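First comes the structure, then the notes that go with it.
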Amino acid sequence: MSVVALPIVSAADAVLSLRGSFCPGCRGRKKPKQTVCFECYSKLSRPQRQNLYKRVGSGYEAAVASALQTLGVETLECK
Ligand SMILES: [Zn+2]
């Protein structure tokens with residue numbers, strides 16, 4: 001398994017992605033207000049999931065970056 005660099009996630013992109021229904025983890029669909037779809041979410045570790053409940057500006061961006069890295073995604077894509 002190749003190692004993906006930690007993506008850079010801006011607050012603006014994190015919020016945009018959070019509001020949308022595009023899962024940045026698998027490019028499928030997710031529910032708005034959730035970071036990724038259930039399938040991607042289930043691949044994350046417990047601490048990673050807990051970090052996704054942090055607020056934007058208080059660790060959420062870093063939590064998204066860590067989650068995407070685990071899912072093998074290099075950049076946060078917003079749609
Ligand atoms: Zn997904």
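A short reminder: the numbers here are calculations on the coordinates, not readings from a lab. In this text, all values refer to a predicted model and were calculated from it rather than measured experimentally. Every residue, glycine as well, gets a Cβ built from its backbone with ideal geometry; the counts of neighbours run over all protein chains shown.
Under the convention that each Lys and Arg Cβ holds +1 and each Asp and Glu Cβ holds -1, the size of the dipole of the chain around its Cα centre is about 400 debye. Applying 0.36 nm per residue to the separation of Glu39 and Arg27 and subtracting their alpha-carbon distance, the gain on full extension is 3.2 nm. Extension gain for the segment Val4 to Tyr53, taken as residue separation times 0.36 nm less the Cα-Cα distance, is 15.3 nm to one decimal.
Cross-link partners for Lys33 among the aspartates and glutamates, with Cα-Cα distance under 20 Å and sequence neighbours closer than 8 places in the same chain left out: Asp13, Glu61, Glu77.
Listed peptides 4-15, 67-78 appear in the order 67-78, 4-15 once ranked by packing, highest mean of other Cβ atoms within 10 Å at the front.
Could you pull out which residues in the range 42-79 have an amide N less than 15 Å from a spot 7 Å beyond the Cα of Arg19, following the Cα-Cβ vector? Counting backbone N atoms under 15 Å from the label point, the list is 56, 78-79. Summed over all non-identical Cα pairs, the Kirkwood treatment of the chain gives a radius of 12.1 Å. Distances between placed amide hydrogens fall under 5 Å for Phe22 paired with Lys30, Lys79, all partners being 5 or more residues away or on another chain. Distance between the C-alpha centres of the range 4-37 and the range 53-70: 10 Å, rounded to the whole angstrom.
Check each of the chymotrypsin sites (Phe, Trp or Tyr not before Pro) in the range 5-79 and keep only those in coil by DSSP with at most 10 other C-beta atoms within 10 angstrom; list them in order.
Taking the range 5-79 and a limit of 10 other Cβ atoms within 10 Å, the loop chymotrypsin sites (Phe, Trp or Tyr not before Pro) found are Tyr53.
Adding -39500 (n - 2.57) for every DSSP H run of four residues or longer, then dividing by how many residues the chain holds, sets the calculated 222 nm ellipticity at -10000 deg cm²/dmol.
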